[in-house]
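The values are calculated or read from the model by the stated rules, or taken from the named source; none is laboratory data. This structure is a prediction, so every number in the text was calculated from the model and none was measured. In this analysis, Cβ positions are derived from the backbone assuming ideal geometry, glycine residues included, and neighbour counts consider all displayed protein chains. Each accessible area value is taken on the protein alone, full model and side chains, heavy atoms only, with ligands, DNA and RNA left out. Shrake-Rupley method; radii C 1.70, N 1.55, O 1.52, S 1.80 Å.
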Amino acid sequence: MTTEESLRPQSLMLTFLGDQVLGRDVCVYSGSVIDVFARVGVGEQATRSTLTRMVNRGLLRRQREGRRMYFGLTDHSAAVLRDGERRIWQTGAVNRHWDGTWTLLGFSLPESWQRQRHDLRSKLTWSGFGPLFSGLWIAPGEVDVADLVGELGLSAHVKVFRAHADAGMDIGAMIEETWELSELADRYEAFVGRWQPWETRAPQADEALAQRLLLQAEWLRVIRRDPRLPVKHLPDDWPAEQAEKTFRAVHERLTPLAREAAGRLLDLVPVRDAPQDEG
């Protein structure tokens with residue numbers, strides 16, 4: 001089975017390492033990674049290139065054992081993966097416990113700062129914000145944007161407030177005007193359509209390992225694009241809850257077989273205190 005075009009090898013790699021390496025103090029043999037990725041339609045050269053790029057970006061560390069090269073997590077990639085774990089298993093896809101708080105972020109940048117404006121909007125979108133007006137963005141809940149703004153060097157140009165809507169405010173209408181709800185709903189519905197058949201399918205163990213990798217990577221991609229808007233202000237047929245049920249049911253079904261396959265297919269070694277990344 002091939003991956004979707006938009007499911008990048010790096011996203012798959014992080015998902016794979018989060019599943020097999022995170023919290024275990026081990027590194028995985030490059031050949032094992034190549035084997036698993038071939039089962040999801042990623043070729044050897046693309047897998048090797050992804051490993052190299054991620055080492056160069058500080059997302060992976062290398063450890064040589066004899067003639068074999070093993071890859072493990074850095075502090076940075078481990079933090080990214082722990083955030084993904086929280087989003088999948090703790091935060092979830094449905095925001096049922098919103099307290100009425102909004103984070104408002106206003107910015108004013110010089111006209112010539114096209115790149116900075118694009119970068120800020122991209123990061124705000126990724127963090128769950130939507131454009132209330134051109135220079136005023138809004139997100140549900142209390143969102144800490146200090147690091148985001150600081151990384152872009154825009155702290156002097158951004159103002160952040162916590163707010164509550166006035167009693168007469170139509171929050172549902174505001175949400176529909178500010179976020180692309182139909183696009184987000186389409187992603188959830190497509191996920192259900194793609195994965196619901198696996199709730200009753202009985203794969204081979206090796207296939208289960210590949211399918212669970214795709215399942216988790218696709219689910220994380222969907223929910224990371226979701227600003228987690230309060231469900232009480234979303235349409236009654238909002239598909240996030242059904243999609244989450246599908247994800248959990250298929251994950252539970254695939255996990256025993258996937259673990260059996262991982263134990264048989266993956267060559268893991270303990271992390272050494274002093275990393276060696278020769279080669």
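Applying the condition of being open to solvent by 40 Å² or more (accessible area, probe 1.4 Å) and not in a loop (DSSP other than H, G, I, E, B) to segment 50-63 and asking which residue is farthest from residue 262 (Cα to Cα) yields 56. In segment 179-193, is there at least one residue being under 30 Å from residue 56 (Cβ atoms) and surrounded by 20 or more Cβ atoms within 10 Å (Cβ to Cβ)? Scanning segment 179-193 turns up no residue that is under 30 Å from residue 56 (Cβ atoms) and surrounded by 20 or more Cβ atoms within 10 Å (Cβ to Cβ). Report yes if residue 82 is closer than 25 Å to residue 8 by Cα, surrounded by 13 or more Cβ atoms within 10 Å (Cβ to Cβ), of a type in the set (D, E, K, R) and modelled with pLDDT of 95 or more, otherwise no. Judged against the criteria, residue 82 is not a match.
Filtering segment 189-215 to residues that are of a type in the set (Lys, Arg), modelled with pLDDT of 95 or more and within 25 Å of residue 264 (Cα to Cα) leaves only 212.
If the condition is being over 14 Å from residue 159 (Cβ atoms), of a type in the set (Gly, Ala, Ser), in a loop (DSSP other than H, G, I, E, B) and touching a residue at least 40 places away in the same chain (Cβ under 8 Å), then segment 98-135 contributes 100, 128. If you go through segment 202-255 and pick out every residue that is open to solvent by 30 Å² or more (accessible area, probe 1.4 Å) and either in contact with a strand residue (DSSP E or B) (Cβ under 6 Å, 6 or more places away or on another chain) or without any contact (Cβ under 8 Å) to a residue 12 or more places away in the chain (or both), you end up with 8. With the condition kept exactly as written, say whether any residue in segment 145-166 is out of contact with any Ser or Thr (no Cβ under 7 Å at 6 or more places or on another chain), charged (D, E, K, R), surrounded by fewer than 15 Cβ atoms within 10 Å (Cβ to Cβ) and within 30 Å of residue 21 (Cβ to Cβ). Yes; the residues of segment 145-166 include at least one that is out of contact with any Ser or Thr (no Cβ under 7 Å at 6 or more places or on another chain), charged (D, E, K, R), surrounded by fewer than 15 Cβ atoms within 10 Å (Cβ to Cβ) and within 30 Å of residue 21 (Cβ to Cβ). Would a scan of segment 33-41 turn up a residue that is touching a residue at least 12 places away in the same chain (Cβ under 8 Å), open to solvent by 40 Å² or more (accessible area, probe 1.4 Å) and of a type in the set (Gly, Ala, Ser)? Yes - at least one qualifying residue is present in segment 33-41. Of the residues making up segment 235-247, just one is more than 17 Å from residue 193 (Cβ to Cβ) and either acidic (Asp, Glu) or modelled with pLDDT of 95 or more (or both), namely 236. Restricting segment 103-126 to residues that are in contact with a strand residue (DSSP E or B) (Cβ under 9 Å, 6 or more places away or on another chain) and among the small types (Gly, Ala, Ser), the residue that is surrounded by the fewest Cβ atoms within 10 Å (Cβ to Cβ) is 108.
Every condition in (1) crowded, with 17+ Cβ neighbours inside 10 Å; (2) under 22 Å from residue 211 (Cβ atoms) is met by residue 27 except one, and the failing one is (2).
Considering 18, 41, 23, the condition of being small (Gly, Ala, Ser), outside any loop (DSSP other than H, G, I, E, B), under 26 Å from residue 224 (Cβ atoms) and at pLDDT below 95 is satisfied by 18 alone.
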